[in-house]
Amino acid sequence: MAYPASLDGSGWTEYRDLVLLVSEPTQTAYRQFTTEFGGSVFVYADIPSGAFVLNVHSGRLKGSGQALEAEPLRQMIEGDLYSPLSREKIAANLEKLLGRTFVFSQESRRCEFVVTRAERMDNADRIVFESRPGDLSEYLGGLAEPERSFLLVFCSGRQPDEPNEPFPGYIILCLTAAEQ
């Protein structure tokens, strides 16, 4: 997985050898994703669109301080975790991501996706979707091209009017396959 390292277009942030944990009836993969941070992403279906949701960790490992897979992206959008930028600045930074390329590769295969939607979900909306994460595309009003798109989701830092916890919101990006 590779994504832009800056909002001005220079450089890449890359994570190799990620483990893809796919949702299954026993929820073993989900428990692993929520308890073993670092090196894994969780995939589940978005029911209304038929696309999938790729849930990626943001934050840092407590012991080593190592950035988790979406932390550089979260920091680029929001700034410092404990004193994030204003909602307006975050929205402007999300706007700058539109049209930017994300790359997913496995061995010699490579697929490029373009950011077509970018939103911050606040805590009040996140609570609504916690009990129905498979309906996440509804928050965006649906997906324009669900057969070519998926949602990338990661935790967002706290805004002043949100609960006193590090990650009360979500960042949701809709990624659509780039034209070949």
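Read the figures in this text as sums done on the coordinates, not as results from a lab. Everything numeric in this text was worked out from a predicted model, so none of it was measured. Quick reminder, even Gly has a Cβ in these numbers, built from the backbone with ideal geometry, and neighbours come from all protein chains shown.
Longest exposed-loop-site-free stretch of the chain, with trypsin sites (Lys or Arg not before Pro), DSSP loop and at most 12 other Cβ within 10 Å?
63-180
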Between segment 136-180 and segment 111-129, what is the separation of their alpha carbon centroids in Å? 1 Å
Per DSSP H run of n ≥ 4, the term is -39500 (n - 2.57); total these for the chain, divide by its residue number, and report the mean residue ellipticity at 222 nm rounded to 500 deg cm²/dmol. -5500 deg cm²/dmol
